[in-house]
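This report refers to the structure that appears directly beneath it.
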Amino acid sequence: MVFSTHHPFADFECSLSGNYFDRELIHEEWDTVGTPVEVQFYRRSLTELSNAITSTGLVITDITEGQVDEKVKEISPERYDYLSKNPNFIFMRVQKR
């Protein structure tokens, strides 16, 4: 199985406690499609993510942080520069042991 989730590093910028290892429910407003929407999600550490995976008998076989597409540079050079230096997602491949 392959999945992606928020990168723990990116989510730490939203931290209310300032403690990377605290699990926190985050409430934000996203304006990515022209109409702002309220979203909520849990911020988790990489340790918590990997423990959740391995405790179910799965093995992480690959992790990547992806790379921002060059097309973003044409749309927003500032956003491209930011995403080139700050990963927002983490991608994991896992398989049954």
Practice prompt. Among what's in the stretch 10-45 and is open to solvent by less than 100 Å² (accessible area, probe 1.4 Å), touching a helix residue (DSSP H, G or I) at 6+ places or on another chain (Cβ under 9 Å) and of a type in the set (A, V, I, L, M, F, W, C), pick the residue that is nearest to Leu58 (Cα to Cα).
Written response: Phe41
Worksheet entry | Selection status of Arg23, under 12 Å from the mean Cα position of the chain (by Cα) and over 23 Å from Ser84 (Cβ atoms) | no
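Looking only at the stretch 74-92, decide whether some residue is in contact with a strand residue (DSSP E or B) (Cβ under 9 Å, 6 or more places away or on another chain), open to solvent by 70 Å² or more (accessible area, probe 1.4 Å) and charged (D, E, K, R).
Start the filter on the stretch 74-92 by keeping residues that are in contact with a strand residue (DSSP E or B) (Cβ under 9 Å, 6 or more places away or on another chain), which leaves 88-92.
Now restrict to residues that are open to solvent by 70 Å² or more (accessible area, probe 1.4 Å): 89, 91.
Going one step further and asking which of them are charged (D, E, K, R), we end up with none.
There is no residue in the stretch 74-92 that is in contact with a strand residue (DSSP E or B) (Cβ under 9 Å, 6 or more places away or on another chain), open to solvent by 70 Å² or more (accessible area, probe 1.4 Å) and charged (D, E, K, R).
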Discussion item. The conditions are (1) at pLDDT 95 or above; (2) open to solvent by less than 60 Å² (accessible area, probe 1.4 Å), and Ser55 fails exactly one of them. Which is it?
Written reply: (2)
Discussion item. Can you list residue pairs whose Cβ atoms sit under 7 Å apart, with the first residue in the stretch 74-91 being in contact (Cβ under 8 Å) with a residue 40 or more places away in the chain and the second being part of a helix (DSSP H, G or I)? Count only pairs 6 or more apart in sequence or on different chains.
Written reply: Asn86/Ala10; Pro87/Phe9; Pro87/Ala10; Asn88/Ala10
Worksheet item: With respect to the numbered conditions (1) closer than 30 Å to Lys96 by Cβ; (2) over 12 Å from the mean Cα position of the chain (by Cα); (3) open to solvent by less than 70 Å² (accessible area, probe 1.4 Å), which one is the sole condition not fulfilled by Ser4?
Response: (2)
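The values are calculated or read from the model by the stated rules, or taken from the named source; none is laboratory data. Everything numeric in this text was worked out from a predicted model, so none of it was measured. Ideal geometry is used to build each Cβ from the backbone, glycine not excepted, and the neighbour counts take in all protein chains shown. Surface areas here come from the heavy atoms of the whole protein model, side chains and all, with no ligands, DNA or RNA. Shrake-Rupley method; radii C 1.70, N 1.55, O 1.52, S 1.80 Å.
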